[in-house]
1. Restricted to region 31-48, and to residues that are surrounded by 15 or more Cβ atoms within 10 Å (Cβ to Cβ) and among the β-branched types (Val, Ile, Thr), which residue is farthest from the chain's Cα centre (by Cα)?
2. Would you confirm whether or not region 77-88 contains a residue that is surrounded by 15 or more Cβ atoms within 10 Å (Cβ to Cβ), out of contact with any Gly (no Cβ under 7 Å at 6 or more places or on another chain) and either assigned to a strand (DSSP E or B) or at positive phi (or both)?
3. Could you tell me whether any residue of region 125-136 is at pLDDT below 90, surrounded by 13 or more Cβ atoms within 10 Å (Cβ to Cβ) and in a helix (DSSP H, G or I)?
4. Just checking, does region 65-83 include any residue being in contact with a strand residue (DSSP E or B) (Cβ under 8 Å, 6 or more places away or on another chain), of a type outside the set (Ser, Thr, Tyr), closer than 30 Å to Lys41 by Cβ and modelled with pLDDT of 85 or more?
5. Please determine whether any residue of region 94-106 is within 30 Å of Ser124 (Cα to Cα) and not hydroxyl-bearing (Ser, Thr, Tyr).
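The values are calculated or read from the model by the stated rules, or taken from the named source; none is laboratory data. All of these numbers come straight from a predicted model, not from anything done at the bench. Quick reminder, even Gly has a Cβ in these numbers, built from the backbone with ideal geometry, and neighbours come from all protein chains shown.
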Amino acid sequence: MKQFFLILAILGFSISFAQKLEYTKGKIYQDGEQLSSFETKTLMKTDLKALHLFKKAKTKESLGGFLLGLGIGGTVADLAMGLASDVKYPTALTYAGVGLMAVSIPILSGRKKMVKNSVDIYNSGLQEQKKTLGDNFELNLVNNVNGVGLRINF
């Protein structure tokens with residue numbers, strides 16, 4: 001029971017003191033400090049829709065970046081082989097590399113908009129807070145079929 005109240009108190013404090021996120025120039029900031037992807041995911045755990053959209057954007061980014069790098073690497077490797085040996089230059093490796101680069105473009109498009117939307121969804125879920133620490137809580141007596149209890153809102 002003590003563990004339940006401890007978890008409830010920590011969750012209540014983390015939600016009540018949550019700060020808005022800012023998305024500028026492809027980076028996410030909180031109070032002027034840049035956040036890593038891990039820190040952003042940790043903050044967004046309270047809003048599952050925003051977290052899902054953020055993870056989806058990061059998956060698109062990693063998959064598209066991998067395909068783009070693989071395509072560039074294959075094309076450059078084939079170019080180097082063509083320059084260093086007597087092999088006719090545009091081989092199937094070049095065409096496959098160009099194809100991978102072309103496939104990565106639609107995968108990479110829209111990821112920044114998805115991250116911005118996830119930040120907007122997270123920020124809209126935050127409640128407006130009062131600046132004073134001592135005045136923004138409520139203590140209520142609750143009575144229901146399970147019994148009588150106290151409810152504290154921060």
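1. Looking at the filtered set, the residue picked out is Thr46.
2. Scanning region 77-88, I find no residue that is surrounded by 15 or more Cβ atoms within 10 Å (Cβ to Cβ), out of contact with any Gly (no Cβ under 7 Å at 6 or more places or on another chain) and either assigned to a strand (DSSP E or B) or at positive phi (or both), so the answer is no.
3. Checked region 125-136: at least one residue is at pLDDT below 90, surrounded by 13 or more Cβ atoms within 10 Å (Cβ to Cβ) and in a helix (DSSP H, G or I).
4. Step one: filter region 65-83 for residues in contact with a strand residue (DSSP E or B) (Cβ under 8 Å, 6 or more places away or on another chain), giving none.
Taking every residue of region 65-83 in turn, none turns out to be in contact with a strand residue (DSSP E or B) (Cβ under 8 Å, 6 or more places away or on another chain), of a type outside the set (Ser, Thr, Tyr), closer than 30 Å to Lys41 by Cβ and modelled with pLDDT of 85 or more.
5. Taking region 94-106 first, the residues within 30 Å of Ser124 (Cα to Cα) are 106.
When the remaining residues are screened for being not hydroxyl-bearing (Ser, Thr, Tyr), the result is 106.
Taking every residue of region 94-106 in turn, at least one turns out to be within 30 Å of Ser124 (Cα to Cα) and not hydroxyl-bearing (Ser, Thr, Tyr).
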